[in-house]
Every structure is written in structure tokens, then in C-alpha cells.
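A short write-up of the structure that comes next.
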Amino acid sequence: MKRVFTLLLSVIPAFVFSDDSIMVKMREHGADVPESMYGVFFEEINHAGDGGLYAELVQNRSFEELDMPAGYHADGPWLYPAQTRYHLDGKVRTDRRYRWTVEQIPGWELESPNAIMSLTRESPMFDSAPTQLHLAFDGKETVRLVNRGYWGMAVKAGERYHLRTIIKTSGGYNGKVKAKIVSHANNILAETVIGCGSNGEWNDMRSELVPSFTDREARLVLEFAGGMGQVWLDYVSLFPEETFNRRPNGMRNDVARFLADLRPAFFRWPGGCVVEGITLGNRFEWKKTLGDPAARPGEYSTWGYRCSYGMGWHEVLQYCEDIGAKAMFVCNVGLACQFRMGEACSEDSVRYYLDDCIDAIEYAIGDPARNKWARMRAEAGHPEPFPLGYVEIGNENWGHVYDKRFDYFYEELKRRYPHLTFIYNEMPDREGPSLIKKTDMIDPHWYETPGFFYGNARLFDTWERGKYTIYVGEYACNRNVGGGKMVAALSEAAFISGMERNSDIVRMASYAPLLENQHDRRWATNLIWLNSDQVVGRSSYYVQKMFAENRPTYNVKVTHTAKDSLHHVIAGYDVQTKELVVKVVNGSDRPYDVTMAVEGAGRLSAAATAITLKAGNLNDENSFDNPYRIYPQSMPVELAWATDGARKLCNYTFPKYSFTVVRLKAE
């Protein structure tokens with residue numbers, strides 16, 4: 001949904017000198033602002049994919065959610081990892097435990113006292129995803145098997161939903177199987193009959209359901225009636241036809257469009273800590289995300305639930321192509337998460353992980369005539385290369401083992417793919433890139449307080465140039481701001497201003513984490529909130545959007561005198577629209593009255609556009625009940641320019657607690 005605000009023309013009063021001033025020097029060309037500057041980072045956290053961006057409506061569709069990594073064990077609501085040694089100190093971290101479910105079969109409920117459900121792995125349809133649901137009936141009554149999806153299935157009247165059921169029966173069961181979409185009030189919205197035979201063979205059945213009413217908390221019900229016997233279900237999927245760009249096995253339309261509205265130049269995937277895993281046996285394995293979704297095994301996520309692998313490498317590459325973004329692949333270097341168990345593979349196994357990265361690159365851009373992974377891409381319907389532009393070697397790793405492996409990966413990968421950009425994950429305050437031979441980029445991460453981001457708006461002004469460029473791959477104001485507040489968004493705007501001003505060295509940036517299902521917050525502060533049928537951008541989302549939509553071609557010099565450290569200003573020139581673009585953060589509790597001077601402009605328009613994001617209180621934030629409480633408002637303004645020698649001056653007042661972009665024609 002797009003929100004449009006129509007505001008009356010604002011006229012700036014006649015010029016008078018203010019104590020604070022902004023001097024824009026049009027002829028002093030600063031750093032070019034690259035098209036790559038603003039992108040997004042996706043990780044399976046907070047049910048960002050399953051129950052979020054990925055459009056599947058059924059939870060635990062393949063019945064694999066109780067499958068745990070090798071060597072792990074569960075005790076009540078906790079999962080305990082395999083005991084591996086932390087590679088930097090040789091110690092075993094015995095205090096680690098992670099969330100586990102106590103549900104009998106996650107996502108599924110059996111509404112009948114005269115039936116039994118259990119899990120089995122006998123004679124699977126797919127060896128890669130062997131678990132099945134087994135049902136046994138006594139024939140006395142209709143049995144209802146219910147899936148509520150991810151905290152409710154949102155369905156729309158008149159739209160098509162594709163049901164896929166892999167099913168077999170035996171033991172004399174000859175009854176019908178009905179599939180129904182049922183409302184939260186237990187009204188039937190749609191139904192169909194599934195043919196399943198009775199010969200004990202797997203039947204891969206596909207049908208359509210078209211709801212008669214819209215419901216945000218619907219559920220899928222499978223009804224079994226008419227006889228005794230047994231039924232096995234290997235896979236049950238309910239997928240909307242109206243995915244983003246109508247892609248099969250694609251993205252949820254509203255969420256995908258919300259991300260596309262950020263105009264991301266790149267899409268980083270698959271993480272994040274999931275790349276490494278709690279232990280190496282728990283890492284995200286991209287090869288298992290290819291092919292038939294019913295054959296994908298999934299993996300327990302480091303964030304406390306199972307990822308289905310439904311949103312795989314092919315689907316991500318396709319989405320990148322659809323929205324005009326370059327893909328960034330993050331590979332594992334044979335290290336598990338160093339904030340968790342910190343396992344390292346043996347030295348003679350490192351080549352396996354390098355080859356795995358090469359295979360991922362080949363799947364994305366390789367020649368189908370020369371490489372089997374590229375051939376798999378072509379067989380999946382995409383013979384041409386996908387838009388892969390970046391590879392990050394490791395994620396939040398540090399230390400001599402990582403540095404040695406980075407050098408090994410970088411040398412081989414850069415030789416094979418000189419046109420790709422390879423990135424070193426530089427962890428601030430830890431051993432850094434001075435210990436490696438060479439990299440194209442580094443990726444520092446910051447999760448900090450508002451004071452940190454305000455105080456470091458000039459961090460990159462003095463950063464050493466010439467060795468590498470910078471991708472700030474994860475940053476967010478997430479301390480002392482709860483789930484998010486306007487103070488966080490404004491402090492981030494100040495920090496982003498510093499990145500954009502220094503875009504000769506900071507070439508890319510992405511906020512993290514990106515998405516949060518409101519029912520499973522695993523990380524305190526996230527950019528976008530969603531539930532079954534709503535998508536809400538926090539104030540920080542609109543800061544990101546305003547920077548991306550108002551990216552100038554290059555910076556111009558700004559001198560700024562201000563009494564308050566909560567005021568931050570940058571300016572640039574948009575060659576395409578021939579506009580001066582001025583961005584101002586006012587994080588203070590008072591309107592910011594300023595004299596704005598422009599030097600070196602041949603012609604300067606009085607007509608301008610002001611795009612303002614503001615709040616009445618630093619603790620304000622958007623919500624599901626009020627999603628547009630803080631929202632950019634675009635307003636035409638008339639600037640009363642006065643001439644002072646070679647300068648033109650005007651007054652402007654920036655509202656308290658605001659981030660403003662002023663655009664005006666200039667030569």
C-alpha cells in the first residue's frame with residue numbers, strides 16, 4: 001500500500017541572518033555516490049523468510065521440523081549442540097543451549113480422539129527429506145488434521161491458492177480426503193477433494209482452492225472420512241498464485257514489494273550467523289535449497305526454529321533480477337559461529353568449503369555448457385547468468401585462522417572471477433585487515449546506541465584510503481531503544497550522512513536485521529515488522545528509503561556551523577534531474593532555524609520540494625495499529641533567496657526531531 005500526503009505550499013519568510021548556517025559550495029565536487037550505496041541484508045531470523053518474505057502458508061509442510069543436527073539432543077524446551085572445541089582456545093563451550101519446541105508435531109493438530117498421528121521415515125518419497133506424517137484411523141468418525149500456518153494464514157477472496165499434497169494410503173483406507181480453507185470462525189471458505197488412491201504408492205496431487213471470503217487468520221484443514229486404515233503425508237503446501245511477479249515458489253507479494261520500494265542496489269544472502277551455524281553441521285547449505293521444494297530438507301536455524309530452505313539460492317537470484325539488485329553470496333570458510341561454538345574444520349577440509357563457494361558462483365553466473373551447477377540453473381529455467389556481483393568470504397569471523405583462510409579463498413576466487421567484488425568481514429575492535437594480504441572490501445558491523453551513531457557521523461572522514469573500500473554490511477541503533485524509536489532512526493540518519501559524504505571509501509551499506517514477524521522477535525530491533533497480512537516500516541525504514549530515493553550523483557562541499565551536535569548536514573548534486581539535494585538531521589527538541597547559503601550556482605530555483613520525516617517525541621514509533629504515524633511528507637516550498645555577492649542565501653526551519661531532504665533546481 002502506498003500512502004500519499006498532499007500538503008499546502010509552504011512559503012519561507014524573507015531573509016534574515018540566523019546564528020546557525022549551512023554553506024553549500026556547488027563547485028567543490030566531492031565523492032561520487034555509487035549506485036551500489038544502499039542495499040539490504042537478509043537472514044533467516046525472526047521468521048524473516050518462513051512466515052515472512054517466503055510465500056508458503058503451511059508451517060512444517062515437509063514434517064522435518066523435529067529433525068535436529070547430528071550430535072545434538074533436546075531436553076524439554078532446549079536444544080543442546082554437539083560438543084565441539086572453540087578453535088581459538090581449544091575449549092568446549094558447555095553452557096550453550098538453544099530454543100526447542102515441545103510440540104508433538106510442530107504446526108499440526110489432530111482434531112480427533114480416535115486417530116493417532118506420528119512421524120516415520122520408512123520408504124520416503126525423497127531421501128533428502130525423509131520424514132512423513134503417519135495417520136491411523138479406526139473409521140468411527142471424520143478426522144481433521146489442521147495447520148494454522150505461521151500464526152494464521154491470510155487468504156483473500158477470489159484469489160487462487162495452489163495446494164500440493166504428496167500422500168499414500170494402505171490398510172484398507174478407501175475414504176475421501178477433503179482439503180478445506182477454514183476461517184478463524186470455523187466457516188468453510190474453500191474446499192476440494194484430493195485423490196489419493198489405495199495402492200500404497202505415493203501420489204503427488206495438485207489442486208486449487210479459491211476462498212469465498214478474506215480472512216487473516218484462516219487455516220488449512222485436511223478431512224479424512226469413510227473408513228479404517230492408514231495414511232501417510234510426505235508434503236502439504238498451500239501457496240498463493242499471486243506471489244511477487246507471479247513467480248512459482250516465490251516471495252510474498254506485499255513484503256517483496258515493500259523491500260523493492262527501498263530500491264536496493266544489492267541483496268546479501270543467506271546471512272548472517274546462519275551461514276556459519278552453531279556448529280559446522282548446522283550451517284546453511286545452499287545446495288540443499290535447489291530443486292523440488294518437497295525434496296529440500298531444511299535446517300535448524302541458529303535463531304531457534306527450522307528453516308525450510310524453500311527460499312533458496314535460485315529464488316533469491318530470481319528476486320534480485322526482478323528488482324534490479326545485484327546478489328551478494330556469503331560463504332562459509334570452514335568456521336562455525338564464533339559467538340556460539342566456534343568450531344573449525346580441519347586444514348585438509350578447507351578446500352571443500354572453497355569448492356562449495358565456487359559451485360555457488362557457478363550456479364549464479366557460470367556457463368551451462370562447461371559447469372554442472374550452471375547447467376542446473378539452465379535446467380531450472382534460467383540459462384542466462386543471474387546478477388551476482390559480490391561474495392563475502394566468511395561472516396563475523398576473526399583471528400589468525402580466519403585470516404589465513406581468507407587469503408586462501410581470496411587468491412583463488414579473485415583469479416577465477418576478477419570481475420566480482422570479494423569482501424573481508426572486519427569486526428571492529430578485533431584483529432583486522434592489516435593481517436591479511438589483500439581484499440577488495442571490508443565489512444565492519446555496528447549495533448550501538450543513539451549516542452554512538454551521532455558521535456561517529458564523521459568516523460569515515462579520516463579513514464585511511466587506498467587499501468580497500470568499505471561495505472557497512474550490518475548496522476543498527478538497537479541499544480536503549482527497545483523495538484525501535486524515532487531517536488534510533490535519527491541517529492542512524494546522522495551516521496548514514498557520514499557514509500554518503502565519504503562514498504569514495506564507503507561504497508555500500510545495509511541495515512540489519514531486515515524483517516521481523518511480530519510473533520517471533522529473536523532480535524530486539526528490526527527494520528520491518530510483519531504478520532500474516534500486514535507489513536509495517538519502522539521510522540528507520542523510511543530513513544533508509546529517503547536516502548535511497550534521494551541519492552545524488554556526487555557530493556558537494558558543505559560547511560556547517562551549529563551549536564547542537566544533533567544537527568547533521570550533507571549535500572549533493574543530481575546530474576539527471578539537475579537538482580541540488582540537501583539532507584539535514586535535526587535530532588534536537590527545538591526547530592532548527594538556519595541560514596542556508598549556496599555558492600557557485602549559476603541559477604537557483606525558488607521552488608523546491610521538502611521531504612520531511614518527523615515525530616512529536618523521540619520515543620514515537622510506528623505500529624500495526626498506526627503504521628504511518630511516522631511517514632515522509634513531501635511538500636512544495638518557496639525559498640526566498642537573497643543575493644550576497646557570489647552567494648545566495650535563504651532562511652529555513654527544520655522541525656524538531658526530523659530528517660529532511662530539500663531538492664531544488666540548480667545549475
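Within segment 428-487, count every residue that is open to solvent by less than 20 Å² (accessible area, probe 1.4 Å), out of contact with any strand residue (DSSP E or B) (no Cβ under 7 Å at 6 or more places or on another chain) and outside any loop (DSSP other than H, G, I, E, B).
Adding up the residues that qualify gives 1.
Residue-wise test of (1) modelled with pLDDT of 95 or more; (2) of a type in the set (A, V, I, L, M, F, W, C); (3) within 21 Å of Lys437 (Cβ to Cβ); (4) surrounded by 18 or more Cβ atoms within 10 Å (Cβ to Cβ).
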site: Leu354; (1), (2), (3), (4): yes, yes, yes, yes
site: Ile358; (1), (2), (3), (4): yes, yes, yes, yes
site: Ala369; (1), (2), (3), (4): yes, yes, no, no
site: Gly381; (1), (2), (3), (4): yes, no, no, no
site: Pro385; (1), (2), (3), (4): yes, no, no, no
site: Leu388; (1), (2), (3), (4): yes, yes, no, yes
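So, of the residues in segment 88-105 that are in contact with a Leu (Cβ under 7 Å, 6 or more places away or on another chain) and surrounded by 15 or more Cβ atoms within 10 Å (Cβ to Cβ), which turns out to be nearest to Thr131 (Cα to Cα)?
Among residues in segment 88-105 that are in contact with a Leu (Cβ under 7 Å, 6 or more places away or on another chain) and surrounded by 15 or more Cβ atoms within 10 Å (Cβ to Cβ), the one nearest to Thr131 (Cα to Cα) is Ile105.
Among the candidates Ala494, Ala509, single out the residue that is in contact with a helix residue (DSSP H, G or I) (Cβ under 8 Å, 6 or more places away or on another chain), in a helix (DSSP H, G or I) and within 22 Å of Pro264 (Cα to Cα).
Matching residue, one of Ala494, Ala509: Ala494.
Residues Pro297, Pro270, Pro248: which one is under 30 Å from His134 (Cα atoms) and surrounded by 19 or more Cβ atoms within 10 Å (Cβ to Cβ)?
Pro297
So, in segment 251-264, how many residues would count as being open to solvent by less than 20 Å² (accessible area, probe 1.4 Å) and either farther than 16 Å from Glu43 by Cα or assigned to a strand (DSSP E or B) (or both)?
2
Here's the yes/no breakdown for (1) free of Cβ contacts under 8 Å to residues at least 60 places away in the same chain; (2) among the charged types (D, E, K, R); (3) within 28 Å of Asp127 (Cα to Cα):
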position	(1), (2), (3)
Leu233	no, no, yes
Leu238	no, no, yes
Arg268	no, yes, no
Gly277	no, no, yes
Asp292	no, yes, yes
Pro297	no, no, yes
Cys320	no, no, no
Ile323	no, no, no
Val330	no, no, yes
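Quick one: count up the residues across segment 514-534 that are open to solvent by less than 10 Å² (accessible area, probe 1.4 Å) and touching a Leu at 6+ places or on another chain (Cβ under 8 Å).
Residues that pass the stated criteria total 8.
Only strands (runs of 3 or more DSSP E) wholly contained in segment 546-598 count here; list those with 1 or more residues that are among the basic types (Lys, Arg) and closer than 21 Å to Ala489 by Cα.
579-586
Taking segment 76-118, which residues are free of Cβ contacts under 8 Å to residues at least 24 places away in the same chain and acidic (Asp, Glu)?
Asp89, Asp95, Glu103
Within segment 30-58, which residues are open to solvent by 20 Å² or more (accessible area, probe 1.4 Å) and either of a type in the set (S, T, N, Q) or without any contact (Cβ under 8 Å) to a residue 40 or more places away in the chain (or both)?
Ser36
Are any of the residues in segment 434-445 out of contact with any Leu (no Cβ under 6 Å at 6 or more places or on another chain), of a type in the set (Gly, Ala, Ser) and touching a residue at least 40 places away in the same chain (Cβ under 8 Å)?
Scanning segment 434-445, I find no residue that is out of contact with any Leu (no Cβ under 6 Å at 6 or more places or on another chain), of a type in the set (Gly, Ala, Ser) and touching a residue at least 40 places away in the same chain (Cβ under 8 Å), so the answer is no.
Let's see how each residue does on (1) buried (at least 20 other Cβ atoms within 10 Å of the Cβ); (2) at pLDDT 95 or above; (3) not charged (D, E, K, R):
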residue	(1), (2), (3)
Ala607	no, yes, yes
Asn622	yes, yes, yes
Asn626	no, yes, yes
Pro636	no, yes, yes
Gly645	no, no, yes
Phe659	yes, yes, yes
Leu664	yes, yes, yes
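Looking only at segment 228-236, decide whether some residue is part of a helix (DSSP H, G or I) and not polar (S, T, N, Q).
Within segment 228-236, none of the residues are part of a helix (DSSP H, G or I) and not polar (S, T, N, Q).
Which condition from (1) assigned to a loop (DSSP other than H, G, I, E, B); (2) surrounded by fewer than 19 Cβ atoms within 10 Å (Cβ to Cβ); (3) touching a helix residue (DSSP H, G or I) at 6+ places or on another chain (Cβ under 7 Å) is the one that Asp322 breaks?
(1)
Quick one: would you say Gly152 is open to solvent by less than 70 Å² (accessible area, probe 1.4 Å), out of contact with any helix residue (DSSP H, G or I) (no Cβ under 6 Å at 6 or more places or on another chain), more than 22 Å from Asp292 (Cβ to Cβ) and not hydrophobic (A, V, I, L, M, F, W, C)?
When the stated conditions are applied, Gly152 passes them.
Select from segment 68-87 the residues that are closer than 30 Å to Leu238 by Cβ and exposed (fewer than 15 other Cβ atoms within 10 Å of the Cβ) and list them in ascending order.
Pro77
Here is a list: Glu285, Glu217, Glu191. Which entry is closer than 23 Å to Glu362 by Cα, open to solvent by 10 Å² or more (accessible area, probe 1.4 Å) and among the acidic types (Asp, Glu)?
Glu285
Can you tell me which of (1) modelled with pLDDT of 95 or more; (2) open to solvent by less than 30 Å² (accessible area, probe 1.4 Å) is the one Gly600 doesn't meet?
(1)
Return the residue satisfying two criteria in turn: it lies in segment 128-183 and is of a type in the set (Phe, Trp, Tyr) and outside any strand (DSSP E or B), and of such residues it is farthest from Leu53 (Cα to Cα).
Tyr173
Answer yes if at least one residue in segment 414-425 is within 26 Å of Glu343 (Cα to Cα) and of a type in the set (S, T, N, Q), and no otherwise.
The answer is yes; a qualifying residue exists.
One residue is enough: does segment 364-372 have a residue meeting the conditions of a type in the set (D, E, K, R), in contact with a Phe, Trp or Tyr (Cβ under 8 Å, 6 or more places away or on another chain) and at negative phi?
Within segment 364-372 (the criterion being of a type in the set (D, E, K, R), in contact with a Phe, Trp or Tyr (Cβ under 8 Å, 6 or more places away or on another chain) and at negative phi), the answer is no, since none of the residues qualifies.
Identify the single condition in (1) touching a Phe, Trp or Tyr at 6+ places or on another chain (Cβ under 6 Å); (2) open to solvent by less than 20 Å² (accessible area, probe 1.4 Å); (3) assigned to a loop (DSSP other than H, G, I, E, B) that Asn395 does not satisfy, given that it satisfies every other one.
So Asn395 meets the others, but not (1).
Name the residue that is most open to solvent (accessible area, probe 1.4 Å), counting only residues in segment 106-127 that are part of a loop (DSSP other than H, G, I, E, B) and closer than 30 Å to Asn187 by Cβ.
Pro113
The values are calculated or read from the model by the stated rules, or taken from the named source; none is laboratory data. Just so it is clear, the structure is predicted and the values come from calculations on it, not from any experiment. Heads up, the Cβs are rebuilt from the backbone with ideal geometry, glycines too, and the neighbour counts pull from every protein chain shown. Remember, those area values only see protein heavy atoms, side chains included, never the ligands or the DNA or RNA. Shrake-Rupley method; radii C 1.70, N 1.55, O 1.52, S 1.80 Å.
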